[in-house]
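The values are calculated or read from the model by the stated rules, or taken from the named source; none is laboratory data. Source: prediction; values computed, not measured. All Cβ positions, glycine included, derive from the backbone under ideal geometry; neighbour counts span all protein chains shown.
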C-alpha cells in the first residue's frame, strides 16, 4: 500500500488506482504479418523486473485517466510519474 | 545413513532429552561439477531433487537455495491440497499429486501431517452454482471425487457458516472434495530435504544464483555467491523469482510476480474441521493443528517483489469472512504476511523445456502451487532426466503461449485472480 501522485488529481491512496502492467509495449503496426512467436511475445511475454520497472496505471476511482509510472518493484518506491505520450525519464 | 524415525527412536531420544537426534540433512560446500542443479530449495525444488535421485538414479545433483530450506513460499502458503480442477490436463496434473500425497508420510518416513478433511467451495450467485456444478461433473468424468451440496448440506457439513438468505453473499450451494485437505507445509520441505540428502543430493543453503553460463544454445553452469558450479542441466524452481533467473539466461517468460497475503488468528479450540473456500468473495479458511484460523487473502494487481501486500486486500477478505462466519467476529489476528507468486496469463503452471538446451523451468504456479508439490517434483524430475515431458505435464509447456493451446484454469485457486 502506498500513495500515488496522479498527474491530474494529486496524491491519492493506491487503492483508487488500477495497475495496467508493463508500459511501452508497442502494438504491432502490421498485425496481419506477425508470426505466432511475435504474437506470443507481444501478448504474453513480460519483463517482470525485480527493480526499476516502467508501467502503466489508471486512476480508476478518480479521474479515470491513464498515466505512466517508474517504480522499484523490490520495495514499491515510486521514482517518477509521467503522462501518456511523454518520453520516459532517463534513469 | 539416515536413522529411521519410529516410535522406538522417539523413546530412545526421549531418554537422552532429545539432544542427540541425527541431523536431518547436511550442509555441504558445493562441488565443482554436478550432473544437474536445481535452483530453489522450496517444496517443489526439493521434491524434484528427491525424485531425480530416487526414480532416475541421478545422485550427483545439488539444490541451491538463496535463503534457507522452506523459507520462501513453502512456509508462506495456506497449505490447502485439492485436485478438483476443471480441465482434463489440470485434473491429471493435480490428481497425480494428490495420489502421491496419500502415501507421502510413509514414503518419506516423515510425518507431513496430511489430513484429508475435505475442501468445500461455496457458490454465492447463480453463475457460481452453474460453474461449480459443471466442475463437479467434469471432475467425476476424470475420476476425481466431487459432490455438489445444497445450502442445507453445506450447513450440515460446516455448521458455523451463516446460510441465512439475507446476507450480502448468500450461500446458494457448494462442492465438496472429501479426499482434499491440508498438510504441514514445513514438514513437506523438511521431509523431502531429508529424503534427498539421504540419497546423496547436496542441499546448499545461502547460495544465490547470480548468472547462468551458456555456450551458444546450451547451459554450461551457474554463477553463484559460493562460486561457479559446472553442470549441463539446470532446473529452475524459483517461484516468484523465476523471471529474474530467466532474464539471466536471456529468456522472457509469460509471468507477472505479485504479492499474495495470508494471515492467522490467535489459537482457539477446534471450531472448523474442514477447509472452506469462497470464490466470489475471495476468502478461504481452515484451522491449523495449533488451533489458529488460517486465512488466505488475494493478490494485489501490481507487480511487486516486496513481500508486502495492500491493507485493503486483507480488509476485503476479513469482511467476507465475518459475514460468512459471524462467530469469528471477536477473533484477533496474530500474524499477517505476503509471498511473491508468479502468475501465468492462463493461471496454469509451466513445467517445461526451454529454447536453451539443458535449461528447464518449473514455475507459474501462481496462488496455488503447494497442493501440487509431490506431483510437480515427480513430473519435473521426469522432464529433466529424459529431456522430454511426462504425458501428464506435456500440456504445461512454454510453447503453449505461442501455439495458443492455453490451459485456461482461472479456477486454479478456486478464487478469481
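Things to note:
- Being facing chain B (nearest Cβ under 8 Å) and either over 30 Å from residue B:400 (Cα atoms) or in a strand (DSSP E or B) (or both) holds for only one residue in A:19, A:80, A:60, A:40, and it is A:19.
- Taking the criterion of being outside any loop (DSSP other than H, G, I, E, B), closer than 24 Å to residue A:45 by Cβ and within 9 Å of the chain's Cα centre (by Cα), the residues of region B:354-375 that qualify are B:365, B:372.
- Scan region A:22-37 for residues that are buried (at least 16 other Cβ atoms within 10 Å of the Cβ) and within 9 Å of another protein chain (Cβ to nearest Cβ) and the total you get is 1.
- Test: residue in region B:354-375 that is within 14 Å of chain A (Cβ to nearest Cβ), more than 18 Å from residue B:74 (Cα to Cα), in contact (Cβ under 8 Å) with a residue 24 or more places away in the chain and surrounded by fewer than 24 Cβ atoms within 10 Å (Cβ to Cβ): yes
- Annotation: of all residues in region B:208-235 being within 14 Å of chain A (Cβ to nearest Cβ) and in contact with a helix residue (DSSP H, G or I) (Cβ under 8 Å, 6 or more places away or on another chain), the one that is farthest from residue B:72 (Cα to Cα) is B:210.
- One residue alone among B:98, B:108 is touching a residue at least 40 places away in the same chain (Cβ under 8 Å), buried (at least 18 other Cβ atoms within 10 Å of the Cβ) and closer than 26 Å to residue B:346 by Cα, and that residue is B:98.
- Residues within region B:191-222 that are assigned to a loop (DSSP other than H, G, I, E, B) and farther than 18 Å from residue B:58 by Cβ, tallied: 6
- Selection status of residue B:128, within 30 Å of residue B:353 (Cβ to Cβ) and in a helix (DSSP H, G or I): no
- Whichever residue in region B:232-248 is in contact with a strand residue (DSSP E or B) (Cβ under 7 Å, 6 or more places away or on another chain) and surrounded by fewer than 20 Cβ atoms within 10 Å (Cβ to Cβ) and, among such residues, is farthest from residue B:363 (Cα to Cα): B:232
- Criterion (more than 23 Å from residue B:242 (Cβ to Cβ) and modelled with pLDDT under 95) met by exactly one of B:76, B:82, B:23: B:23
- For region A:48-79, the tally of residues that are on the phi < 0 side of the Ramachandran plot and crowded, with 18+ Cβ neighbours inside 10 Å stands at 13.
- Checking residue A:85 against (1) closer than 30 Å to residue A:10 by Cβ; (2) modelled with pLDDT of 95 or more; (3) surrounded by fewer than 18 Cβ atoms within 10 Å (Cβ to Cβ), the condition it does not meet: (2)
- So residue B:325, is it over 17 Å from the mean Cα position of the chain (by Cα) and buried (at least 24 other Cβ atoms within 10 Å of the Cβ): no
- Candidate set from region B:252-267 (those that are in a loop (DSSP other than H, G, I, E, B), within 14 Å of chain A (Cβ to nearest Cβ) and touching a residue at least 24 places away in the same chain (Cβ under 8 Å)); member that is farthest from residue A:76 (Cα to Cα): B:254
- Counting only residues that are over 23 Å from the mean Cα position of the chain (by Cα), in a loop (DSSP other than H, G, I, E, B) and under 11 Å from residue B:202 (Cα atoms), region B:8-66 holds 8 of them.
- Condition check for residue B:282: at pLDDT below 95, more than 24 Å from residue B:116 (Cβ to Cβ) and within 20 Å of the chain's Cα centre (by Cα): yes
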